[in-house]
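Here the structure is laid out as structure tokens; the discussion comes afterwards.
The values are calculated or read from the model by the stated rules, or taken from the named source; none is laboratory data. Please read all numbers here as calculations on a predicted model, not as lab measurements. Using ideal geometry, Cβ is built from the backbone for each residue, glycine included, and neighbour counts are taken over all protein chains shown. Note: areas computed on protein heavy atoms with side chains; ligands, DNA, RNA excluded. Shrake-Rupley method; radii C 1.70, N 1.55, O 1.52, S 1.80 Å.
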Amino acid sequence: MTAIITKTYKAPPIREKEALRYAGCRAADEETLKLLRSYIDETEDKLTYNVCYGVFPVSINGGFCDFGAFSVQSAALAKNLYGCESVLLFAATVGVGIDRLISKYGRISPARSVMIDALGAERIEALCDKFCEDFALENKVRLNPRFSPGYGDLPLASQKDIFAVLDCPRKIGLSLNESLLMSPTKSVTAFAGIVREN
Amino acid sequence: MTFSEFLKNNNVCLDGGMGTDLQRLGLKPGENPEKWNITHPEIIIDIHRQYFEAGSNVVCANTFGANLFKFDAEELESIIKAALDNAKAARNSCGSCENKFIALDIGPTGKMLKPLGDLDFEDAVSVFSETVRLGAKYGADLIYIETMNDAYETKAALLAAKENCVLPVIVTNAYGDDGMLMTGASPAAMAALLEGMGADAIGANCSLGPKQLTGIAEELLKYSSVPVVFKPNAGLPKLVDGKTVFDVGAEEFAEDVAALVKKGVRVFGGCCGTTPEYIKALAAKTNKLPPVPVSDKNLTVVSSYTHAVAFGGAPVLIGERINPTGKKLFKQALLNNDIDYILAEGIKQQEKGVHILDVNVGMPGIDEVSMLENTVLELQSVSDLPLQIDTSNINAMEAALRRYNGKAMINSVNGKEESIKAIFPLMKKYGGVAVALTLDDNGIPDTASGRFEIAEKILKAAESYGISKKDIIFDTLAMTISAESSAATVTLEALERIRKELGCHTSLGISNVSFGLPNRDAVNSTFFALALSKGLSAAIMNPYSADMMKVYYSYKALAGLDENCGEYIAAAESFTVAAEPITVKKADFGTESTSAAEFSSNLQYSIIKGLKEKAAAYTGEMLKTTPYLEIVNNEIIPALDKVGIGFENKTLYLPQLLMSAEAAKSAFEKIKEFTTVSGSAPAAKGCVVIATVKGDIHDIGKNIVKLLLSNYGFNVIDLGKDIPCRAVVDAVIKHNAPLAGLSALMTTTVPAMEETIKLLRKEAPFCKVVVGGAVLTAEYAMKIGADKYAKDAMETVRYAEEVIGNQ
């Protein structure tokens, strides 16, 4: 039986350039940077960093990926997992606090809303990177690049299986709505193929 | 003996972690544990039996996820029946059934409620209701609502239990290691909400081990006047040789939990990772412990979905500005269904430091029931302050209280029979703290003793409804001193007597006192100070009044409620600034930037640089000498165009474009204020209906489009997000809109967009459709039948100008 483990992180370091890139700024003047930093301060205590994950066996047959507990048809994922004997499946979220800020400012200041949304995108990416890095180090393995539902031909509908298997609502308070949208929105689910180091 | 009777005089031992028990016995990840009631009844019965034998007074039937989201009606009924039959079979196999109870177990739906997710509150209530009805039908002794990590869903489940059965209800929440629920509620806020609605016991379960959750249990013991429940995990799960192992053993677990039973926890058990062995150890450690009596904490508390606000410490400020009385712009916003205006009023008051927002949207010509309900929902999506629902329309009051996420303040009840009969049953059902006005059928007594007597009468009536004294706050009615010179002293005397003799908290609507006088702030703030000295607990007041805020901060410092005068010193800096409007100097930018000369005016400069306050101030200044149309055409629009072109040429980026757009908006708001007052409001350009389509809750892009279209003078009807096709078409027809803008961010929601376009073509063929959103392309947009794909908000503006022009 595969265990589903929950982990809580402290805030990973912020990559300002990444956040600005998500906001559509390819270059940033001092003022924009100053703004971003004020939003970083504002969001700091509203963010939580939670991940739940499990390691599953994987067997590939053409485009059919079988993980024991569930399976999915996707040539792109099959290619991504080629040569891996197991896969790390995880769900990560930075919580509802940032959604509340995005929605609040959406009503009174779209400029702030856009920047905070971008910051949220950077935060969840940073969390996923940090989690994968730690996992690889702790388990002395190498991980393939993350692969999420919606990439290539991996259907968004596979989220339903992922949510059931990882028990996301209970483990990290992450839920899936009728349109297969995640709440909180700044969340990621992904597969990462595990490659044993020699 | 019923469970309620047992709970009254005994400690209650619950069971352990059914979910992890089943996993140990072979349940696979993703598999429905509830189905095992039918496929593996012998295993389920055996687990229950082991818990009863270990010492559990209550076992939870295996119904955690048994709801209509997971099963169809028929299957749900057979699962719940089987689950309760299994529990009963286990109980019957134990010999004596004495003091052994069976709970219908209700866990979260796994879906997020609106506004954070897409599950409607009433839909959640009706799903829980079906589970409750079946549980009651098949013989549960009590309802156990558990592992809820969201206050709103907890409320939905508790409401369903209260409306569909007469069984006692225990509620426990899953708190994170930050001490809050996942959606932010503190233990104090949950205690206020759940106790207010009549839960029989409340507490914490799951998420952490007994040591990490001890702080939460202690908080609950501090705030709760009903028994506290504690059902932690067996520590934290760890992976050892590919197996989940919890890091707290049975003995240690039992010791940690027993320590809390000594401190007052009355209902206890284990959650994930605990087994019959744990419960046996726990029962052994606790069966000699006397139950600690549950005392009424006598706290007057309201709450939001994050925190509680208590009366009796520092004065509580209740912002009065969400109220149309005497406000032309506010009335117009209500008539136009301009919710954003109302929300901004809420956010501004919060920034000024109020603790509660009064919400009054009553005026002739609007449907107050739906307007109040909607305003409450919308306010709760932008502000975490508790709300005071202010209406004399009882249907509007009920609709708002039902939907409110937390324990609301109710404004108001009074000594009239009719008022008492209407308000107290609602309070009993939904919880709340009521402002009680000391008036009755004979009007407002002239004397303090007359008002005091009404207060006594109201308290007596409350008691007969089972409403505690702590949930009534008296308002002794500030009357205008310009009509009756002793008005203020009578009010203050009554207030002091109620505070001292009845021990109740008090609130006053401060501003009434100065009605009809010049420079009202001076009178109001002095009256406020006098009332505070008589023991006033809360004030409904204007937080934009610097005089009032000065009194508030000074009083706190003087009354020893502000350590080292820290808050006073921080606030004092703003006193002088806030007291005066922003002054505009001619050469404001002369020294700030040499490039100011490039702009034709300070206003243009402010807009281009995205300086909101300055743009408004300069507009206000210009309006004194320049016709507003000239300001729009010669200053604001050229500035917007410059920024727009810069954005299109990629010399500046989205955040800068938006900052400018917001500065322009603040200039337009100044103009609107001016024209509304002078009655010379400009005719808007044609109407554009915009919406994020059904199923999609992304609205950042749509909000940007709204901002820019409004700035360019279009009359934007913003329907919001997750909007059904029908609502879009109805709005287009109602406003005869030549253009509709639709947004979708997900491949899964584009079909809803296509459907909306189809319906528009059929019923409103006059309307052009522009679409946008992350997953769309020009080609895709054509395929689903749109007239235009706009890659960004500027392109939408250009297209609107093309379609509607300046008609």
Whichever lysines have a C-alpha closer than 25 Å to that of B:Lys88, once near sequence neighbours (fewer than 8 apart) are set aside: B:Lys8, B:Lys35, B:Lys70, B:Lys100, B:Lys137, B:Lys162, B:Lys231, B:Lys280
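Shape call for region B:466-570 from the C-alpha gyration tensor, a ≥ b ≥ c root eigenvalues: rounded (a/c under 1.5), prolate (a/b greater than b/c) or oblate?
Details: a/c = 1.98, a/b = 1.04, b/c = 1.89.
Verdict is oblate for region B:466-570.
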Return, for the Cα atoms of region A:37-101, the radius of gyration and Dmax in Å, separated by a comma. 17.6, 51
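Kindly provide the GluC sites (Glu not before Pro) of region A:112-198 that DSSP labels as loop, not H, G, I, E or B, and whose Cβ sees at most 12 other Cβ atoms within 10 Å. Please list the in-between numbers first.
Working: sites: A:Glu122, A:Glu125, A:Glu133, A:Glu138, A:Glu178, A:Glu197; in loops: A:Glu178, A:Glu197.
When the GluC sites (Glu not before Pro) of region A:112-198 are filtered for loop state and at most 12 Cβ neighbours within 10 Å, A:Glu197 remain.
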Exactly which trypsin sites (Lys or Arg not before Pro) in region A:102-198 are in a DSSP loop and have at most 11 other Cβ atoms within 10 Å? A:Lys140
List, largest first, the extents of the alpha carbons of region B:717-807 along their principal axes, each in whole Å. 34, 27, 22
Among beta bridges assigned by DSSP with both residues in region B:3-286, the antiparallel ones amount in percent, to the nearest 5, to 15 percent
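Is the shape of region B:46-155 best called rounded, prolate or oblate, per the rule: a/c under 1.5 gives rounded, else a/b larger than b/c gives prolate, else oblate, with a ≥ b ≥ c the square roots of the Cα gyration tensor eigenvalues? Intermediate values should be presented prior to the final figure.
Working: a/c = 2.81, a/b = 1.97, b/c = 1.43.
In terms of gyration-tensor shape, prolate.
D for chain B, whole µm²/s, Stokes-Einstein with Kirkwood Rh over alpha-carbon pairs at 37 °C and 0.692 mPa s: what number?
Working: Rh = 29.7 Å.
So the translational diffusion coefficient is about 110 µm²/s.
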For region B:660-715, the Cα convex hull volume per residue in Å³ comes to 86 Å³
Two-decimal log10 I(q)/I(0) for the protein assembly as shown, as the Debye equation yields it once each C-alpha is a single scatterer, q = 0.07 Å⁻¹: -0.67
Please report the antiparallel percentage of the DSSP beta bridges confined to the protein assembly as shown, to the nearest 5. 40 percent
Dipole-positive endmost among B:Asn9, B:Ile279, B:Phe52 within region B:3-286 (Cβ charges, Cα centre): B:Asn9
Distance (nanometres) between label positions extended 7 Å along Cα→Cβ at B:Glu5 and B:Lys211: 4.3 nm
In debye, nearest 20, what is the charge dipole magnitude of chain B about its Cα centre with +1 on Lys and Arg Cβ and -1 on Asp and Glu Cβ, if you could check? 180 debye
Mind pulling the angle between the C-alpha long axis of helix B:394-403 and the longest principal axis of chain B? Nearest 10 degrees, somewhere in 0 to 90. 70 degrees
Could you name the lysines in cross-link range of B:Lys238, using Cα to Cα under 22 Å and dropping any fewer than eight places away on the same chain? A:Lys7, A:Lys10, A:Lys130, A:Lys140, A:Lys171, B:Lys28, B:Lys211
How about region B:690-775: which GluC sites (Glu not before Pro) there are in a DSSP loop, with at most 10 other Cβ atoms within 10 Å of their Cβ? none
Of B:Thr480, B:Thr172, which has the most accessible area and how do the rest follow, probe 1.4 Å? B:Thr480, B:Thr172
Heavy-atom accessible area of B:Ser464 with all protein chains present, probe 1.4 Å, nearest 10 Å²? 90 Å²
Relative to the first principal axis of the alpha-carbon coordinates of chain B, what is the inclination of helix B:725-735, with its axis defined by its Cα atoms, in degrees from 0 to 90 and to the nearest 10? 30 degrees
Using only the Cα atoms of region B:304-570, each taken as one equal point scatterer with no solvent, compute I(q) by the Debye sum, divide by I(0), and report log10 of the ratio at q = 0.08, 0.12, 0.15 Å⁻¹. -0.30, -0.71, -1.15
For a label point 7 Å along the Cα-to-beta-carbon line of A:Glu85, residues of region A:130-170 with backbone N under 15 Å: A:140-142
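With loop defined by DSSP as not H, G, I, E or B, and exposure as at most 10 other Cβ atoms within 10 Å, which is the longest segment of chain B clear of exposed trypsin sites (Lys or Arg not before Pro)? Spell out each step's value before the answer.
Values: sites that count: B:Lys288, B:Lys585, B:Lys586, B:Lys624, B:Lys650.
My reading of the result: B:289-584 is the longest stretch.
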Simple spin-label estimate for A:Asp29/B:Ala259, 7 Å along Cα→Cβ, in nm, reads 5.9 nm
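Over all distinct alpha-carbon pairs, what is the Kirkwood Rh of region A:59-184 in angstrom? Numbers along the way, then the final one.
Working: mean 1/r = 0.0613 Å⁻¹.
The answer is 16.3 Å.
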In this structure, the FRET efficiency calculated for B:Phe766 and B:Ala683 from their beta-carbon separation, with R0 = 22 Å, to the nearest 0.05, is 0.65
Among the DSSP H helices of chain A, those whose Cα atoms extend at least 27 Å along the helix axis and whose mean Kyte-Doolittle hydropathy is -0.5 or higher are A:110-139
Exposed loop sites here are chymotrypsin sites (Phe, Trp or Tyr not before Pro) in DSSP loop states with at most 16 other C-beta atoms within 10 Å. What is the longest stretch of chain A lacking them? A:1-81
Using only the alpha-carbon atoms, how far is helix B:612-623 inclined from the longest principal axis of chain B? Give it as 0 to 90 degrees, nearest 10. 40 degrees
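Thinking of region B:3-286 as a set of Cα atoms, what percent of all their pairs are more than 33 Å apart? If you can, show how the numbers build up before the last one.
On the way: 5142 of 40186 pairs.
Roughly 13 percent, once rounded to a whole number.
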Compute log10 of I(q)/I(0) for region B:594-678 with the Debye formula, placing one identical point scatterer on every Cα and leaving out solvent, at q = 0.14, 0.17, 0.18, 0.26 Å⁻¹, to two decimals. -0.42, -0.61, -0.68, -1.27
